[in-house]
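Read the figures in this text as sums done on the coordinates, not as results from a lab. Just so it is clear, the structure is predicted and the values come from calculations on it, not from any experiment. Heads up, the Cβs are rebuilt from the backbone with ideal geometry, glycines too, and the neighbour counts pull from every protein chain shown.
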Amino acid sequence: MRLQSKVCIITGGGSGIGEAACKVFAREGAAVVVADKSLEAATAVAGEIGNRAIALEVDVAQSDKVAKMVRDAVARFGRVDVLVNNAGYGISGDVVETDEEAWNALMAVNVNGVFFGCKYAIPQMRKQGGGVIINTASVVASIGIRSRAAYCASKGAVAALTRAMALDHVGDNIRINAVAPGTIETSYFDAMMRKSERADELRRELAARQIMNRLGRPEEIANGMLFLACDESSFMTGAILTIDGGWTAQ
Ligand SMILES: NC(=O)c1ccc[n+]([C@@H]2O[C@H](COP(=O)([O-])OP(=O)(O)OC[C@H]3O[C@@H](n4cnc5c(N)ncnc54)[C@H](O)[C@@H]3O)[C@@H](O)[C@H]2O)c1
């Protein structure tokens, strides 16, 4: 029960890594706010957890919706101890192929979403005397991959913002870290496979990038988030916790 009586907001909690985090955090005693742009997905996850979870429809790209998310969490559970800024997605393409509109839309979710979450949760955490923030970056914050220019840029920004905020808020007793997953089997990954004409081959190639020669499971990232959320990581802030099956060891 490493998160006993902690109140945790998890964005993108309706699927994949966020869903796994909601379930792992709830198992460890947390009250969980499952925030997702899909209310249906968030409601399904909250329903599986039970009465210590609520579902909220939140588009993290919209400042007012994120501010309301924090207010709603406080109205229901009285405080916010942990915020996991996890909602995000990727698009394909080099910079020439990437539409300006698609670039801006991706940045609005992957980068602005983290900014808004922190902007509205930190004042609440300050009032309470502290808190924990975990952002979902990616290995692409530190290594380039082909044909994912916007995604790489967005996750680089998440990692840089994590470090910058850790400095600014260490005096508020707020620890701010990120996870950097390798390739994880989630619905985002499945959608990518469905679009590919050579899905089996691509799957093998993506697994082989990771020296364990397999894809990661959402729970393996959620367990890292749990470590960052609880007191076991009390001496960590501004860190990027890489969980990638050894991909970036090469
Ligand atoms: N799957 C991977 O291989 C991988 C690797 C590294 C990083 N990541 C990151 O992990 C995070 C979670 O990805 P996943 O693989 O679990 O994907 P997923 O598609 O399974 O889940 C993402 C969830 O976020 C929600 N979401 C998307 N846009 C949103 C928005 N604007 N506001 C609120 N919710 C929104 C979706 O509805 C969905 O429920 C993302 O930030 C992603 O970039 C994933």
Subject >> the chain: calculated mean residue ellipticity at 222 nm from DSSP helix runs of at least 4, using -39500 (n - 2.57) >> reply: -15000 deg cm²/dmol
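Going by C-beta contacts inside 10 Å, put 96, 7, 60 in order with the fewest on the left.
Details: 96 6, 7 22, 60 26.
Listed from fewest to most nearby Cβ atoms, that is 96, 7, 60.
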**OP:** Taking H placed 1.01 Å from N in the peptide plane, check which residues at least 5 places from residue 242 or on another chain put their amide H under 5 Å from its amide H.
**Re:** 180
**OP:** Could you calculate the FRET efficiency of residue 64 with residue 249 from 1/(1 + (r/R0)^6), where r is the beta carbon distance between them and R0 is 41 Å, rounded to 0.05?
**Re:** 0.45
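Can you put 203, 214 in order of Cβ neighbours within 10 angstrom, beginning with the fewest?
On the way: 203 17, 214 14.
Going from sparsest to densest Cβ surroundings: 214, 203.
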Original post:
Size of the stretch 127-202 along its principal axes in angstrom, Cα-based, largest extent first?
Top reply: 52, 22, 14
Original post:
Could you give me the ³J(HN,Hα) list for the stretch 207-221, computed from phi with Karplus coefficients 6.51, -1.76, 1.60 and θ = phi - 60°, whole Hz, x at Gly and Pro?
Top reply: 5, 5, 5, 9, 5, 6, 6, 8, 7, x, 9, x, 5, 5, 7
Subject >> Cα-based Kirkwood hydrodynamic radius, the chain, one decimal, Å >> reply: 18.0
**OP:** Calculate the tail of P(r) for the stretch 41-187: the fraction of all Cα-Cα distances greater than 17 Å, expressed in %.
**Re:** 64
**OP:** Determine the distance separating the Cα centre of the stretch 141-171 from the Cα centre of the stretch 95-136; give it in Å without decimals.
**Re:** 11
Original post:
Short version: ³J(HN,Hα) in whole Hz for each residue of the stretch 130-147, in order, from phi by Karplus 6.51 cos²θ - 1.76 cosθ + 1.60 (θ = phi - 60°), x for Gly and Pro, what are they?
Top reply: x, x, 9, 10, 10, 10, 9, 8, 5, 4, 6, 6, 10, 10, x, 10, 6, 6
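Regarding the stretch 160-250, what's the average projected area of the Cα-atom convex hull, expressed in nm²? Numbers along the way, then the final one.
On the way: hull surface 28.0 nm².
It is 7.0 nm².
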Original post:
How large is ³J(HN,Hα) for each residue in the stretch 68-78, as worked out from phi by the Karplus curve 6.51 cos²θ - 1.76 cosθ + 1.60 (θ = phi - 60°), to whole Hz, x for Gly and Pro?
Top reply: 5, 4, 5, 4, 5, 5, 5, 4, 7, 10, x
